[in-house]
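A.B. asks: Before we start, here is the structure in question, set down as structure tokens.
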Amino acid sequence: MPTSRRDFLKTSVLASSLLFVPKFLHALDQQGVPQLRNSNGKRLVVVQLGGGNDGLNMVVPFRNDLYYKARPTLGIKEQSGILTLDQDLGFNPHMTQLKGLYDQGLVGVLNSVGYPNPDRSHFRSMDIWQSGSASDQYVTTGWLGRYLDSSCSACQVPYNGLEVDDTLSLAMKGELRKGLALKNPEKFHQVTQNRFLRQVSGEKAGGSGSELDYLYKTLAETASSADYLYQTSKVYKSAITYPNTEFGKNLKTTAELINSGIESRVFYVSLTGFDTHVRQQEQQGKLLGDLSGGLGAFVEDLQKSGQLNDTLILVFSEFGRRVTQNASNGTDHGTANNVLLLGGGLRQKGILNDAPDLLNLDQGDLKYQLDFRSVYATILRDWLGADDQAILGSEFARLSGLV
């Protein structure tokens, strides 16, 4: 038992940083991994590009004169190495690995994805994308968190999510259940090996329902979860060479968790730094190289282990950029943007809808063709087998035959 106020506060701080413990891990202690195999076997990996990625310089309309007219110096010239796709579009020259995956039929590109009345605030727009709300709604749960809530009504076959990061995104927070944020299983395990934490987590709750009982229960669950993740993740160590970047390391951790047999159905990884108002080509090019190299290694890892057909990767950013370049040779916050889908289970590949319409703009911004919640609804219903309408709160037209 904590013997002093100082001990109690110390314990509380440890617990508060580890509260997001998926309940399926407790079920594993009692029932074992096979219980989790009753799912359809599909998993989702979400890659968030933080900062507002410029879609027009990622998927370049290189045969459109309006693009070069709006971006006389920022526009990427065809002779600079644009990686040709279809519909007169091409990947940024730094996306060589993603082009290779595109040529293998493993990539789908959605153009001009957004929502009505877009908000150009990074924080607000990310909240909208992560919660799956309309721009005039304020929702405190995420679309994946609500999926976790809905898929575990009795926790007999519970599925949950892992975010490879220090903190948990709104997207992964439900009303009843939340995902777990961790940088890697070994570090997570090390935290729980703290002698004091171990001692406290071994105490039994008194059953009074007090906050102290909750703290003991959480600590015990955390220690159990950390042990399970650490021991299970040792089953598979990747032999694939990943980029030596934070993003590459996080994708490697994600692949090792998947290939070790951790049956979480949702994984979440971020790549930040896309808020490029100045010197955009250089900064964005490096970031897109990181994205392409990391995803190239990740897909190769899953291919070799036979997991790619059951894995769908969703790549999104909170908004795109304005069509016209600014005075600093960058772009300001815009609206609709590209979404990428990758995986062996994609039934439609390549460029999946019309290229951005640069002739028909809304006050200089791209008009959205596709509501992002239609993409979510398709993933929830057709990939994860969930009730998309209940999770999103409304019915959105799904993309027929996509997955």
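The values are calculated or read from the model by the stated rules, or taken from the named source; none is laboratory data. The model shown is predicted, which means the values in this text are computed figures rather than measured ones. Please note: Cβ atoms are built from the backbone with ideal geometry, for glycine as well, and neighbour counts cover all protein chains shown. Quick note on the areas: whole protein, heavy atoms, side chains included, nothing else; ligands and nucleic acids left out. Shrake-Rupley method; radii C 1.70, N 1.55, O 1.52, S 1.80 Å.
A.B. asks: Tally Lys and Arg at +1 and Asp and Glu at -1 over the other residues with C-beta under 14 Å from the C-beta of Gly401: what net charge comes out?
C.D. replies: +3
A.B. asks: Roughly how much of His94 is accessible, in Å² to the nearest 10, using a 1.4 Å probe?
C.D. replies: For His94, the solvent-accessible surface is approximately 100 Å².
A.B. asks: Return the aspartates and glutamates within reach of Lys349: Cα separation strictly under 15 angstrom, same-chain partners fewer than 8 residues apart disregarded; answer none if there are no such residues.
C.D. replies: The reachable aspartates and glutamates, counting only those whose Cα sits under 15 Å from Lys349, are Asp86, Asp103.
A.B. asks: My understanding is that a pair violates if its Cα-Cα distance is over 31 Å; which of Lys183/Lys304; Lys304/Lys367; Lys42/Lys252; Lys42/Lys99 do that in this structure?
C.D. replies: Lys304/Lys367
A.B. asks: Provide the packing ranking of 264-271, 181-188, i.e. peptides ordered by the mean count of other C-beta atoms within 10 Å per residue, highest first.
C.D. replies: 264-271, 181-188
A.B. asks: Follow-up. Would you list which aspartates and glutamates come within 18 Å of Lys69, measuring only between C-alpha atoms, while excluding same-chain residues fewer than 8 positions from it?
C.D. replies: Asp54, Glu78, Asp88, Asp332, Asp357, Asp362, Asp365
A.B. asks: OK, next. Near Lys237, which aspartates and glutamates are there with a Cα under 12 Å away, not counting those fewer than 8 places off in the same chain?
C.D. replies: Those aspartates and glutamates meeting the cut-off are Glu256, Asp301.
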